[in-house]
Amino acid sequence: MKRPWKDVSTPLRDGMIHWPGDPECKITRVNRMEDGAVCNLTHLSMSAHTGTHMDAPRHFIADGMTMEQLPFEAVIGRCRVFELDCADQITADDLKKIRLSSGQRVLFKTRNSTRSWSMNEFDKDFVSLRADAAQYLADQGVMTVGVDYLSIGGFNKDGVETHQIMLGAGIWVIEGLNLSDIKPGYYELICLPLRLEGADGAPCRVVLR
Ligand SMILES: [Zn+2]
């Protein structure tokens, strides 16, 4: 019997933590049955890069592909979860110690999964991919990379470079995963971002088994 699916997306909540400077996540009920309305109705307002989401190349590449051009093979299929115990940034040297291959879908579990998501404010010291690690991933030709906090690049460190390198290389990026319940190894991945036309990113639900 197959193991149950595990949800590795972060719950979307009103007022949840977001990248500093990005629009707030607002989730409000505009019609309430308890107030006599015939149905409940929720209004959503947030950046496309809220919670668990994907980055399309268009995020940092002016003429890059947009969300609806995402190939399903980038987000459905076998993936490998690596656990890295980096204290600061993931470097190319860290990645040279693990086995990466062309066309692979890889998710990186770091201390972010347990630490950053349990904080009440944005974690500026989350573990991110240093530019040389981004270049190494591009050189290896991986297809998809998932990380366990809100950005592949750091806060005030390599944020722009890491995105430019990876999105420029055509790597599809999943950000904002919570891998705290996931052991390293091989999994079946299903990640379905919203079909936002022309968008540079989109919220997604991600499950593993
Ligand atoms: Zn993003």
* Residues located in the range 153-180, provided they are under 15 Å from the mean Cα position of the chain (by Cα), farther than 14 Å from residue 116 by Cβ and either modelled with pLDDT under 95 or assigned to a loop (DSSP other than H, G, I, E, B) (or both) -> 153, 159, 171
* Structure fact -> residue 162: passes all of (1) more than 13 Å from the ligand (Cβ to nearest atom); (2) open to solvent by less than 10 Å² (accessible area, probe 1.4 Å) but (1)
* Only one of these is touching a strand residue (DSSP E or B) at 6+ places or on another chain (Cβ under 9 Å) and farther than 17 Å from residue 64 by Cβ: 132, 148, 139. Name it. => 148
* Scanning for something within 10 Å of the ligand (Cβ to nearest atom) and over 19 Å from residue 205 (Cα atoms), does the range 47-66 turn up at least one residue? -> yes
* Asked: For the range 129-151, which residues satisfy the criterion of being farther than 20 Å from residue 201 by Cα and either open to solvent by 10 Å² or more (accessible area, probe 1.4 Å) or without any contact (Cβ under 8 Å) to a residue 24 or more places away in the chain (or both)?
  -> 130, 131, 132, 135, 136, 139, 140, 141
* Do we find a residue being touching a residue at least 12 places away in the same chain (Cβ under 8 Å), of a type outside the set (Gly, Ala, Ser) and not in a loop (DSSP other than H, G, I, E, B) anywhere in the range 118-128? -> no
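The values are calculated or read from the model by the stated rules, or taken from the named source; none is laboratory data. No experiment lies behind these values; they were computed from the predicted model shown. Neighbour counts run over all protein chains shown; Cβ positions are idealised from the backbone, glycine included. Keep in mind that these areas ignore ligands, DNA and RNA; they rest on the heavy atoms of the full protein, side chains included. Shrake-Rupley method; radii C 1.70, N 1.55, O 1.52, S 1.80 Å.
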